[in-house]
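Inspection log for the structure reproduced underneath, given as structure tokens.
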Amino acid sequence: MSMLGTERRTVVPMGEETKAIGMSGEKSECLHSTIEAGEPPRGTRWREGEHRVTEPVEGDEAGRPGPNPSYTGLDWVAEMARRHPKEALTTVARYIDLKLLREAYEKTRKDGATGIDGMTWEEYGQNLEGNLEDLRERFMSGKYYAPPVKRVYIPKADGKKKRPIGIPTLEDKVLQRAVSMVLERIYEQEFSESSYGFRPGRGAHQALEAVWQGTMAAKYGGVVIELDIVGFFDNIDHGHLREFLDQRVRDGVIRRAIDKWLKAGVLEEGQVKRSTAGTPQGGVISPLLANIYLHYVLDKWFEEEVQPRLRAPSKLVRYADDAVIILWDPTDAQRVREVLPKRFEKYGLTLHPEKTRVVPFGKPEAGKDRGGKGRGGPGTFTFLGMTHFWGKSRKGQPTVRQKTAKTAFQRVVKAIGTWLHSVRHWKIRDQHRALSRKLKGHDGYYGVTGNISALSRLRQYIRRCWRSALDSRSQRGRMTWARFHNLLKTYPLPRARLPHSIFRIAASP
């Protein structure tokens, strides 16, 4: 019996739209495959009676890795993915055992909202081993039923509209997390260096540093293309997603579970609404599926098809569905901007016509205007809640600076102000303790080099909000500014801090 089979994958053609960038206008060559795109995933040979011969990859009949017995099952999956970069793995569901399911359960939020069955983390854990054994048996046999997610609405940042979110059942969360842990080991060997969102060991600050390095290296002709995908998570095409998955994962057990999650739908006002597009709302596996989708639609296409056709160096930085493209040559920027909508439309996605824009962002020459705003200097762009602009270093040299974006700043002030008024009946020390945690958490993300003024300004607004909330505790309005300043001596707000010195010597993209 094969322990971890492989099959040749299908490489999706990069598309006619790339011809607009090419110098010669010739089509790209694509690898041939023995598998037709979109073909239903094949199950393992022992499960579906398939008689083709599959040679075993190193390992014994119990499924234990042969070369290095200290490997875990996930380590072995990663090793096989690394050894066979152009083939699809067919028997990886076997590594979703009770140990992995138990680990997935422990990583699930204990205080998370319940799904349609009302099952809590504590209730499920009362018979954990029995529940996990039953879950694994249903998963492996194909009897697992993916229940619809419960749809709830939360207020958006502007307070005027509400955002729909989905809440899966606890069992769904556990199984999705376990499947994600296996798929993650496979796709970490595949994903591009330009991708930073929802990946182990990577995060927003690494993406911000990559943007800083790319814009600093672009010099005088630098141009930035901001990408904004309209409703990305709701418009992922299931057919194309299956084709992408075919290239690396053709395990029938895992693919069957993913199909069930894609078709599960949402429960709203007593009715189940199905969708033919989008990833599972609120699902643990959704970010990974989204990364897989954009890996083939954007990352791989840009690196293999676009960059070789450009006149000057370029750099793509993507965090989930937020992305910027940094180019040295303005002519390249115009050509890429023209072809991007065609590329995304081919896979069912739409770029926002106004928010997707080309921003001149070259290094200002000495004595030239640095302010932008239509005055001939470089402009500004926003990425991951930070506004990027050209400023001066302490030595007076031009450097790219980053500060809290205006919309993000206003959103935080409004959210904390609303919260302070809602808890104004708390004891002062409890308010101070919770408020300090919120400010430290804000600094934990926005505390990057050069952003100290925005953090200090935030504290000024928060002091006003806090005094106003305390003043409203009494109809007499006794919290004067003098009394409030005396209170701050006992309960001072934490000082602004910059835990992320992320900007180093610029490297070429």
> How large is ³J(HN,Hα), in whole Hz, for each residue of region 177-182 in order, when computed from phi with the Karplus curve 6.51 cos²θ - 1.76 cosθ + 1.60 and θ = phi - 60°, using x for Gly and Pro?
Replying inline: 5, 5, 5, 4, 5, 6
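Might you report the magnitude of the Cβ-based charge dipole of region 389-449 about its Cα centre, with Lys and Arg at +1 and Asp and Glu at -1, to the nearest 20 debye?
Working: 15 positive and 2 negative charges, 29 e Å.
Using only the charged Cβ atoms, the result is roughly 140 debye.
Using a Förster distance of 45 angstrom, determine the FRET efficiency expected from the C-beta separation of K263 and T407, and round it to 0.05.
On the way: r = 36 Å, r/R0 = 0.79.
Efficiency computed from Cβ-Cβ geometry: 0.80.
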> For region 268-393, what % of the accessible area comes from carbon and sulfur atoms, probe 1.4 Å?
Replying inline: 46
>> Can you compute the modelled spin-label distance between R424 and Y145, with each label point 7 Å from Cα toward Cβ, in nm?
In response: 5.0
>> Tell me the per residue accessible area of region 324-452 using a 1.4 Å probe; a whole number in Å² is fine.
In response: 51
>> At 0.36 nm per residue, and after removing the present C-alpha to C-alpha distance, how many nm does the segment from L498 to K395 gain when stretched out fully?
In response: 35.1 nm
> How large is the dipole of region 235-390 about the Cα centre if only Lys and Arg carry +1 and Asp and Glu carry -1, each at its Cβ, rounded to the nearest 20 debye?
Replying inline: 160
> Between V152 and R311, what is the FRET efficiency for a Förster distance of 51 Å, r being their Cβ-Cβ separation, to the nearest 0.05?
Replying inline: 0.55
> Gap in Å between the Cα centre of region 274-312 and the Cα centre of region 170-220?
Replying inline: 12
>> Spelling out what I want: for every residue of region 308-314, take phi, set θ = phi - 60°, compute 6.51 cos²θ - 1.76 cosθ + 1.60 (Karplus), and round to whole Hz; glycine and proline get x.
In response: x, 9, 8, 7, 10, x, 8
> Hey, what do the phi angles of region 388-403 turn into as Karplus ³J(HN,Hα) couplings, whole Hz, using 6.51/-1.76/1.60 and θ = phi - 60°, x for Gly and Pro?
Replying inline: 9, 8, 8, x, 10, 7, 5, 8, x, 8, x, 8, 7, 10, 9, 9
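Measure up K363/K403; K392/K438; K86/K342; K273/K355; K110/K438; K315/K392 against 25 Å on the Cα-Cα distance and list the ones that go over.
Numbers: K363/K403 18 Å; K392/K438 31 Å; K86/K342 27 Å; K273/K355 30 Å; K110/K438 21 Å; K315/K392 23 Å.
Beyond 25 Å between Cα atoms: K392/K438; K86/K342; K273/K355.
The values are calculated or read from the model by the stated rules, or taken from the named source; none is laboratory data. Bear in mind that the values here come from a model prediction, so they are computed numbers and not experimental data. Note that we place each Cβ from the backbone using ideal geometry, even for glycine, and neighbour counts take in every protein chain shown. Surface areas here come from the heavy atoms of the whole protein model, side chains and all, with no ligands, DNA or RNA. Shrake-Rupley method; radii C 1.70, N 1.55, O 1.52, S 1.80 Å.
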